[in-house]
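Right, one structure below, let's go through it.
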Amino acid sequence: MVGMRETPIYFYSSASGLVRRFAGHLKREVRDLSDHDVRNSVTDGPWVLLTPSYKAGNGDNDTLPKAVLKFLASAQNRRQMVGVIGSGNRNFGEHYQAAARQIAARSGRPMLFEFELSGTQEDVARCREILEELDQQLEERHHRQRA
Ligand SMILES: Cc1cc2nc3c(=O)[nH]c(=O)nc-3n(C[C@H](O)[C@H](O)[C@H](O)COP(=O)(O)O)c2cc1C
């Protein structure tokens, strides 16, 4: 579809940069939450969160990167989030994808895709397809709302 809006990805990535590498392969607009201006901004439409999980080592300490929490402190950002993509490592067992899954569960938004570390080429390809389908669904929703 010509002129269809591409849902932007807001991502967090630590110094190891695995999520950043994956994000760079998505071939769409990606915004880095480690940038102060980005995490303090307010979204102007639907967006998708891409986050790693970090288990801090105790049961009730959160696994959510602080930059992600800061961005989600905005009610408008929370409202306009349409899905979550997670990067994790299966070595963390029951905590696999804990942060991403927790955000999805609390917000009632779907986990769109999960991958390990910086993902494989197949992961990138599948994720791009999922995001294209999402763009299309959002486009249809937008037109229905205006009809
Ligand atoms: C200290 C530490 C704790 C982690 N905790 C988890 C975890 O609880 N669950 C999980 O699925 N992955 C966990 N991981 C794996 C990271 O989420 C994964 O490697 C991710 O790709 C890192 O992305 P980044 O390099 O962009 O920060 C942890 C990694 C580290 C180094």
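The values are calculated or read from the model by the stated rules, or taken from the named source; none is laboratory data. Every value quoted in this text rests on a predicted model; they were computed, and no experiment measured them. For neighbour counting, all protein chains shown are included, and Cβ atoms are generated from backbone atoms with ideal geometry for every residue, glycine included. The area values use the complete protein model at the heavy-atom level, side chains included, leaving out ligands, DNA and RNA. Shrake-Rupley method; radii C 1.70, N 1.55, O 1.52, S 1.80 Å.
One table, with the values for the structure above:
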| item | result |
| --- | --- |
| Residue count for the stretch 105-124, restricted to those that are within 23 Å of Gly24 (Cβ to Cβ) and surrounded by 12 or more Cβ atoms within 10 Å (Cβ to Cβ) | 12 |
| Inter-residue pairs, beta-carbon under 6 Å, first without any contact (Cβ under 8 Å) to a residue 40 or more places away in the chain and in the stretch 86-104, second among the polar types (S, T, N, Q) and open to solvent by less than 100 Å² (accessible area, probe 1.4 Å), 6+ apart | Gly86/Gln97; Gly88/Ser53; Gly88/Gln97 |
| Flag if Arg78 is open to solvent by 80 Å² or more (accessible area, probe 1.4 Å), farther than 20 Å from Ser13 by Cβ and either in contact (Cβ under 8 Å) with a residue 24 or more places away in the chain or of a type in the set (Val, Ile, Thr) (or both) | yes |
